[in-house]
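As structure tokens, the structure follows; a few thoughts come after it.
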Amino acid sequence: MCQAIAGSVECAMFGNAINTAFNTGIPSSVYCIILLVILIAANLRGIDIFAKVQNVVAYGLIGSLIIMGLIGMFGLGTGEKVVQQMDLTNGFSDSFAYLGLAFFLFIGCEFVIPISRNVKNERRNIPLGMVLSLIIICVMQIFVVIGMGRYTRWEDLAESVSPHILYGTSLLGFVGTLWMILVSIFAVISTVNSCISFLSYMCAGMAKINLMPEFFLKKNKHGAYYVGVLLIGLIMIAVNATGLSTSDSLSFMILVAIVFWMVSYVVSNINVLIFRKRMPKAPRTFKVPLGPVIPIIGIIGNIFMIWNIDGDPAVRNLILTIDGIIFVLLAIYAALWCKFKIKKPMFKPVEIHEVMAMENSLYLEAHRKTKKKEGK
């Protein structure tokens, strides 16, 4: 659900950027769907193509935004500078409603985990890469925000459907417009490419341990889990084709998706606390430092952001209602799956030796044989 919404939002912003710059008269969704088809085809070629595409767009995206942020921050642009207050609120609490939207900038570093076995020295590089990515993104966004404040008026940014294009144009004229369009392309390719690949591997991993249907394990001749790739890709195409990701609803859709992510992060932090208590000496690839401190801070912070997801109580309640309904439906599905498919009670811990056995490719086959014997 998170990926379908977030990926569709990224595609919509890309389509809006094209029309803002060139006013082609072609619906933004057309550009989104074309790009999605290309990325689906690329991911069907396997993990090597995914990695090559991701490397190019990630370096291009981060590098471009850092450079454009620095140009604006040091006043080196060719456009006209503006003089305005850099602080937009009179009190610290006024910014609470924007935390959820700002949080959207940092989601996704966990996408690398399902493909970690394809990474050299994953025990060191995966945690290090995740932490460094968050720090780099934070610094990059600080540069961009300061640069925007010196070349674009805050009220103009607030009214624009493509504020990044407005900044590029104000900073460097037509060159800046083209550069920001390139950044938009990098952004949508990076997000959609990673989530399509990430989800296909995640679904396959869950199918291997009997938590999702087995058809997610099917591979094509390139080794890609094509069912997952096609499913998430087609969902994104459907969202964009129906116009659900139009400019009027982008911020709202982002907030709906963000609540999903925050809840999943709360659950993950609770899992860490449970595992540290129940299995303190179990083998692991990474150990969270400072004991329970970081998970507890994470839980409190995410709950705080969920409660302050929007400054308008009516909008906040609508967001929480939508998320609540979907969570209830997912819970019903999960309960039925546990009872009738895997035939195990909910909330009963799985023994550590079975969890470790799940890493073996023969686990699912052994599970099938066990079920056949029980059926007889």
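Where the centroid of each part is defined by its Cα atoms, how far is the stretch 290-310 from the stretch 93-124 in Å? About 15 Å separates the Cα centre of the stretch 290-310 from the one of the stretch 93-124. Of interest is the spacing of the C-alpha centroids, which for the stretch 54-71 and the stretch 131-154 amounts to 12 Å.
Relative to the dominant Cα principal axis of the chain, helix 163-172 is inclined by about 40°. If the segment from ILE322 to LEU182 were pulled out straight at 0.36 nm per residue, it would be longer than the present Cα-Cα gap by 47.0 nm.
For LYS219 and ARG117, a Förster radius of 22 Å and the Cβ-Cβ distance give a FRET efficiency of 0.90, rounded to the nearest 0.05. Size descriptors for the chain (Cα atoms only): Rg and Dmax, in that order, 22.4, 80 Å. Distance between the C-alpha centres of the stretch 1-35 and the stretch 317-331: 26 Å, rounded to the whole angstrom. Model label points for THR89 and GLU351, set 7 angstrom from Cα along the Cα-to-Cβ axis, are 5.2 nm apart. Per-residue packing, averaged as other Cβ atoms within 10 Å, sorts the ranges 61-70, 271-280 into the order 61-70, 271-280, beginning with the highest.
3J(HN,Hα) along the stretch 30-41: 5, 4, 4, 5, 4, 5, 4, 4, 4, 5, 4, 4 Hz, from the Karplus curve 6.51 cos²θ - 1.76 cosθ + 1.60 with θ = phi - 60°, whole Hz, x for Gly and Pro. The simple spin-label model puts a point 7 Å past each Cα toward its Cβ; for ILE135 and LYS277 those points are separated by 3.2 nm.
Backbone phi angles across the stretch 17-25, fed through the Karplus curve with coefficients 6.51, -1.76 and 1.60 (θ = phi - 60°), yield HN-Hα couplings of 5, 4, 6, 5, 7, 10, 6, 6, x Hz in residue order; Gly and Pro are listed as x. Taking each DSSP H run with n ≥ 4 as -39500 (n - 2.57) and averaging over every residue of the chain yields -23000 deg cm²/dmol at 222 nm.
Holding the Cα-Cα limit at 22 Å, pick out from LYS281/LYS344; LYS52/LYS287; LYS52/LYS120 the pairs that are longer than that. Over 22 Å apart, Cα to Cα: LYS281/LYS344; LYS52/LYS287.
Axis angle, to the nearest 10 degrees, between helix 250-278 and the longest C-alpha principal axis of the chain: 40 degrees. The residues of the chain have, on average, 56 Å² of accessible surface per residue, using a 1.4 Å probe with all protein chains present. Between helix 122-151 and the chain, what is the angle of the helix's C-alpha long axis to the longest principal axis, kept within 0 to 90° and rounded to the nearest 10? Helix 122-151 and the main axis of the chain meet at about 20 degrees.
Each of TYR59 and ARG153 was given a label point 7 Å from its Cα along the Cα-to-Cβ line. The distance between the two points is 4.1 nm.
Subtracting the Cα-Cα distance of GLU110 and ALA314 from their residue separation scaled by 0.36 nm leaves 70.3 nm.
The values are calculated or read from the model by the stated rules, or taken from the named source; none is laboratory data. Keep in mind the model is a prediction, meaning the values are calculated, not measured. Cβ coordinates were reconstructed from backbone atoms using ideal geometry, including for glycine residues, and neighbour counts include every protein chain displayed. The area values use the complete protein model at the heavy-atom level, side chains included, leaving out ligands, DNA and RNA. Shrake-Rupley method; radii C 1.70, N 1.55, O 1.52, S 1.80 Å.
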